[in-house]
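> Quick one: this structure, given as C-alpha cells, is what I'll be asking you about.
The values are calculated or read from the model by the stated rules, or taken from the named source; none is laboratory data. All values derive from a computational prediction rather than experimental measurement. Methodologically, a virtual Cβ is constructed for each residue, glycine included, from the backbone with ideal geometry; neighbour enumeration extends over all protein chains shown. What goes into the accessible areas is simple: the full protein's heavy atoms, side chains included, and nothing from ligands, DNA or RNA. Shrake-Rupley method; radii C 1.70, N 1.55, O 1.52, S 1.80 Å.
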Amino acid sequence: MPALTTPHIDIHRAGDRLKTRIQWLDSKHSFSFGHNYDPDNTHHGLLLVNNDDIVQPGQGFDTHPHKDMEIVTWVLRGSLVHQDSIGHSGVIYPGLAQRMSAGTGILHSEKNDSWRMQGDEHRDPVRFIQMWVMPDEAGITPGYEQLEIEDELLAGGLVPVASGMAEHRDHAAIRIKNKYASLHAARLQPGKAVQIPEAPFVHVFLARGSAEMAGVGTLYEGDAVRLSASGGQTITSETGAEILIWEMHARLGG
C-alpha cells in the first residue's frame, strides 16, 4: 500500500466542522459522517472518522453494529461505559486508551452511565474523541483492547496510543489492525515542544487548549491540520494543551 503524494498542509478550523446536535448529543465531525455528507471531505490517509462528542449523563449510543473497522476512543473528560457482543464491559476515562476491532461484525454500546457499575450517580457530561481507521485486512476476528497510559502522558512528550506499525510493538500502545497507521497523543507542558512525525499522511487534532504549530500558526481547541508528504514541524503551547496525531503511511485505495 505505497502512498505517493506531494507536500501539502490543509488547516481545518473547529467552527467549520459538520455537526450533529440532538437533545443528548453534541457531535462535531472532522469528516463526513452519517447524514452530514461532503464528497470533498470523506477521509485523510486512512482516517475516516474523527468525531468530537459530548454526551449528557444517563444517555449515549444504544447497541449498534460495526464491521471491518478499527475504532479508537479517547476520553477527554468524564467517563464512558463500553459494552459489546463479545463479552467486554468496562469504563473508559482520561488516560485509558481503548480500541475495538469490528472485523467480521460486532455490536456495542457507549453510554455516560458509569454509576450503574460504580455506584454514585453523577450529572457530568462526557467528552470523547472517536476515531475510525480502515484495517489493512478485511474479515478478521473481532477484538477489544484497552491500556492505561496516564503515566507516559504525564511526561509531556508524544506517546504512541494505538498502532499497527512494527516500530511501536515494544511501546505502551494498544494494537490496531493496520500496519501503516499509528495514533500518538501528547499533553503539552507549557513552553515545551513536541515534533510531528514525518509521514505521507498526518492528521493533527487539537483536543484541548491552544498551541502554536511551526509553519501554521495558532491552533485552537477543535482545530485540525492535515499534512501530506510532510511532518517534522514542532508544536508548543504557552498554557498547556492536548493533541492527537495520526501518522499514516498509506491511504484509502492504495
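> Rounded to whole Å, give me the distance from the Cα center of region 54-117 to that of region 231-254.
A separation of 24 Å, based on Cα centres.
> Can you flag which of Lys67/Lys192; Lys67/Lys179; Lys19/Lys192 are past 29 Å Cα-Cα?
Lys67/Lys192; Lys19/Lys192
> In addition: With contacts defined as alpha carbon pairs under 8 Å and 6 or more residues apart, what's the relative contact order of the chain in percent?
22
> What 222 nm value per residue comes from the helices of the chain, counting each DSSP H run with n ≥ 4 as -39,500 (n - 2.57) and dividing by all residues, nearest 500 deg cm²/dmol?
Theoretical 222 nm ellipticity from helices: -500 deg cm²/dmol.
> Excluding ligands, DNA and RNA, what is the solvent-accessible area per residue of region 141-254 at a probe of 1.4 Å, expressed in Å²?
39
> Using 7 Å Cα-to-Cβ label points, what is the Glu167/Arg123 separation (nm, one decimal)?
Result for the modelled spin labels: 5.0 nm.
> Any idea of the accessible area per residue across region 1-125, 1.4 Å probe, to the nearest Å²?
Value returned for region 1-125: 49 Å² of accessible area per residue.
> Still on this structure, I have one more. Among all stretches of the chain without exposed GluC sites (Glu not before Pro) (DSSP loop, at most 16 other Cβ atoms within 10 Å), which one is longest?
In the chain, the maximal stretch lacking such sites is 1-120.
> For region 14-82, run through the trypsin sites (Lys or Arg not before Pro) and keep only the ones in DSSP coil with at most 15 other Cβ atoms within 10 Å of their Cβ.
Lys67
> Separate question: Going by a ≥ b ≥ c, the root eigenvalues of the Cα gyration tensor, does region 116-254 fall in the rounded group (a/c under 1.5), the prolate group (a/b larger than b/c) or the oblate group?
Note, shape of region 116-254 comes out oblate.
> How would you classify region 8-248 from its alpha-carbon gyration tensor, with a ≥ b ≥ c the square roots of the eigenvalues: rounded for a/c under 1.5, else prolate if a/b is greater than b/c, otherwise oblate?
Since a/c stays below 1.5, the shape of region 8-248 is classed as rounded.
> Continuing with the same structure: In nm, to one decimal, how far is the Gln56 label point from the Asp151 one, both placed 7 Å along Cα→Cβ?
So the label points at Gln56 and Asp151 sit 4.0 nm apart.
> May I ask you to give the percent of accessible area on region 8-248 that is carbon plus sulfur, with a probe radius of 1.4 Å?
47
> Among Ala186, Pro65, Gly87, pick out the residue whose Cα is farthest towards the positive end of the charge dipole of the chain, where Lys and Arg carry +1 and Asp and Glu carry -1 on C-beta, about the Cα centre.
In the chain, that residue is Pro65.
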